[in-house]
Amino acid sequence: MELLLVRHARAEDREIFAEQGRADHERPLTDDGIERMLQIGKGLQKVYPRLDLILTSPYRRTLQTAEILHDRYGCKLQPCEALIPEEEPAALFELLGKLNPSRIALVGHEPDLGLIASRLLSASRESYLPLKKGGALLLELPSPPLVATAHLHWLLTPKQLRALSAT
């Protein structure tokens, strides 16, 4: 199984949203975030040309990010409650063990994605691989996924992915 972890793109300011009495899960991507994610998606497809499934946090900013990837890859897109911020990774690992696709993208939040990657790579309960907004990393692991069994293929920043889109 290959897992592509992608952090959502730049979203509206959390504090301003809270001051307006709006819920964090409703925060959308900024116009700049959308534009950058379109470039990131193009660059990402150059280094990772095929996806079977995209699982995404149901938060608005992650759904928008996942939809941009869905438009590029044309694969199935599915909201996933296990990718909501601060959820325990065990529920996600259990879900992944029940899925058949071999190339799955997880679109989510930090520090959760870094924690998922760290747990799969080393069983660490702390994140040591934080992703920038729009950043991505690729793991290879057995199915069902087990802690400390993954291999890191690459980790790319949003800037590197945008640069790839221009080549």
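The values are calculated or read from the model by the stated rules, or taken from the named source; none is laboratory data. Owing to the predicted nature of the structure, the values given are computational and were not obtained by experimental measurement. Backbone-built Cβ (ideal geometry, glycine too); neighbour counts: all protein chains shown.
Could you check region 145-160 and list, in sequence order, the residues that are assigned to a loop (DSSP other than H, G, I, E, B) and surrounded by fewer than 17 Cβ atoms within 10 Å (Cβ to Cβ)?
The first filter runs over region 145-160 and keeps only residues assigned to a loop (DSSP other than H, G, I, E, B), leaving 145-150, 157.
Selection gives 146, 148, 149, 157.
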Conditions (1) touching a helix residue (DSSP H, G or I) at 6+ places or on another chain (Cβ under 7 Å); (2) touching a residue at least 12 places away in the same chain (Cβ under 8 Å); number of the one not met by residue 91: (2)
Residues satisfying the stated conditions in region 64-90, i.e. over 24 Å from residue 118 (Cβ atoms) and either assigned to a helix (DSSP H, G or I) or of a type in the set (Val, Ile, Thr) (or both): 64, 67, 68, 70, 71, 72, 73
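If I go through region 118-167 residue by residue, how many of them are within 19 Å of residue 65 (Cα to Cα) and within 18 Å of the chain's Cα centre (by Cα)?
Step one: filter region 118-167 for residues within 19 Å of residue 65 (Cα to Cα), giving 130-138, 155-165.
So of that shortlist, the ones also within 18 Å of the chain's Cα centre (by Cα) come out as 130-138, 155-162.
Residues in region 118-167 being within 19 Å of residue 65 (Cα to Cα) and within 18 Å of the chain's Cα centre (by Cα): 17 in total.
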Hits in region 96-111 - residues which are buried (at least 18 other Cβ atoms within 10 Å of the Cβ) and either within 19 Å of residue 9 (Cα to Cα) or free of Cβ contacts under 8 Å to residues at least 24 places away in the same chain (or both): 104, 105, 106, 107, 108, 109
Subset of region 8-40 that is touching a residue at least 40 places away in the same chain (Cβ under 8 Å), touching a helix residue (DSSP H, G or I) at 6+ places or on another chain (Cβ under 6 Å) and in a helix (DSSP H, G or I) - its residue that is surrounded by the most Cβ atoms within 10 Å (Cβ to Cβ): 40
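Just wondering, is there one or more residues in region 67-80 that are modelled with pLDDT under 95, under 13 Å from the mean Cα position of the chain (by Cα) and surrounded by fewer than 16 Cβ atoms within 10 Å (Cβ to Cβ)?
Step one: list which residues in region 67-80 are modelled with pLDDT under 95, which gives none.
Checked against the condition, which is being modelled with pLDDT under 95, under 13 Å from the mean Cα position of the chain (by Cα) and surrounded by fewer than 16 Cβ atoms within 10 Å (Cβ to Cβ), region 67-80 yields no hits at all.
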In region 41-63, residue surrounded by the most Cβ atoms within 10 Å (Cβ to Cβ) [restricted to those that are touching a strand residue (DSSP E or B) at 6+ places or on another chain (Cβ under 7 Å) and in a loop (DSSP other than H, G, I, E, B)]: 57
Unique residue being loosely packed, with under 14 Cβ neighbours inside 10 Å and over 20 Å from residue 33 (Cβ atoms) when the list is 89, 142: 142
Contacts under 6 angstrom Cβ, first residue in region 142-159 being under 9 Å from residue 121 (Cβ atoms), partner assigned to a loop (DSSP other than H, G, I, E, B) and of a type in the set (A, V, I, L, M, F, W, C), 6 or more apart: 147/123; 148/123; 149/141; 150/141
